[in-house]
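Before any comments, here is the structure.
The values are calculated or read from the model by the stated rules, or taken from the named source; none is laboratory data. Because the structure is a prediction, the values reported are computed rather than measured. Here the Cβ positions follow ideal geometry from the backbone for every residue, glycine too, while neighbour counts run over all protein chains shown.
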Amino acid sequence: MPKDYDALLAEAEALKANIVCMSEDCDIDPESYAATRVAFMRDAELKALVPELVLKCRRLEDTWDPLKSVATGAGSWAKRRSYIASVFAPLITHLEEKLLLARSVPHEEDVADSLSSLDSVEVEDLWRRAIDQSGDEPDHAITLAKSLVESTCKHILDELNVPYEDNEDAPTLYKKVARELNLAPDQHAEQVFKQTLSGAVSIVQGLSGAANKYGDRHGSGRGKRSKPSPRHARLVVNAAGTVAGFLVETWVERQVGKP
């Protein structure tokens, strides 16, 4: 089940606010501190980002001595607030980035719904894993994106009883499917459709090239392969999902239209 980064970010902010209150002698919530501390420490992804102050202090009251050592006397509240903000920055920044990543794929469920019409566990799993890994393992997500298009094309070709070779790449498979579904640019006379469908061909060629250059399917020597960033992975994964979903929707429409 995907993590609820909205809730985790709110919990991190509440934990931080609780410690700020401790440092400024206002109302505190010791039980909430203890429960949230344990939850974050049990999370393998987040434990390394939990402030050392929290890791060492089992009770909220135990944070007072470390906070007092940061500053005392006039102006100490501001200094302690600044310190708390700095030690929580890695955790909160990480959660914010995860949240932005999750929100950057607005059509995730739409694509999943479209792909489900193909009734292929493999295709649906490739899409889910590509989305899940685009932040933490962008090179693998890019490889999965290419595999998503290839697998989608092969499943549709199987349904249409059109032969193909197992080693055919995404652009070749896409062109075969496009021809069968009347999506090839030269099958249309109107220029706007030719341009749009030519763009789809270019997208598949581009994501295939990205997988060959940045994906993790092939080994490389030291310093030979550039590491893609999560934004590169999101672009490739989104493009692959759009193309795969479009192919499945078109195939379903053609099946419905058959006598």
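Residues are listed down the side, and each one gets a yes or a no for (1) under 30 Å from the mean Cα position of the chain (by Cα); (2) aliphatic (A, V, I, L, M); (3) not in a helix (DSSP H, G or I):
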{"position": "E13", "(1), (2), (3)": "yes, no, no"}
{"position": "K16", "(1), (2), (3)": "yes, no, no"}
{"position": "I19", "(1), (2), (3)": "no, yes, no"}
{"position": "M22", "(1), (2), (3)": "no, yes, no"}
{"position": "C26", "(1), (2), (3)": "no, no, yes"}
{"position": "E31", "(1), (2), (3)": "no, no, no"}
{"position": "A34", "(1), (2), (3)": "no, yes, no"}
{"position": "F40", "(1), (2), (3)": "yes, no, no"}
{"position": "A44", "(1), (2), (3)": "yes, yes, yes"}
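Residues in the range 225-237 that are modelled with pLDDT under 90 and under 15 Å from the mean Cα position of the chain (by Cα): P228, S229, P230, R231, H232, A233, R234, L235. The residues of the range 51-68 that are crowded, with 20+ Cβ neighbours inside 10 Å and in contact (Cβ under 8 Å) with a residue 24 or more places away in the chain, listed by number, are P51, V54, L60, T63, L67. Six or more apart or on different chains, Cβ under 7 Å: which pairs go from a residue in the range 127-153 that's part of a helix (DSSP H, G or I) to one that's of a type in the set (S, T, N, Q)? Could you list them? Pairs found: P138/S229; H140/Q133; A141/Q133; A141/S134; L144/Q133; K146/S208. Against the test of being farther than 30 Å from D125 by Cα and not assigned by TED's automatic domain parsing to the domain that holds D136, the options A17, A39 yield a single qualifying residue, A17. Total residues in the range 197-209 satisfying the condition of being crowded, with 21+ Cβ neighbours inside 10 Å and either of a type outside the set (G, A, S) or at pLDDT below 90 (or both): the figure is 2. Of the residues in the range 161-205, how many are part of a loop (DSSP other than H, G, I, E, B) and not aromatic (F, W, Y)? So the count comes out to 15.
Residue check: A12 meets all listed conditions (1) within 23 Å of E96 (Cα to Cα); (2) surrounded by fewer than 14 Cβ atoms within 10 Å (Cβ to Cβ); (3) in contact with a Phe, Trp or Tyr (Cβ under 9 Å, 6 or more places away or on another chain) but one, namely (2). Looking across K175, K154, one residue alone is surrounded by 15 or more Cβ atoms within 10 Å (Cβ to Cβ) and closer than 13 Å to V243 by Cα. It is K175.
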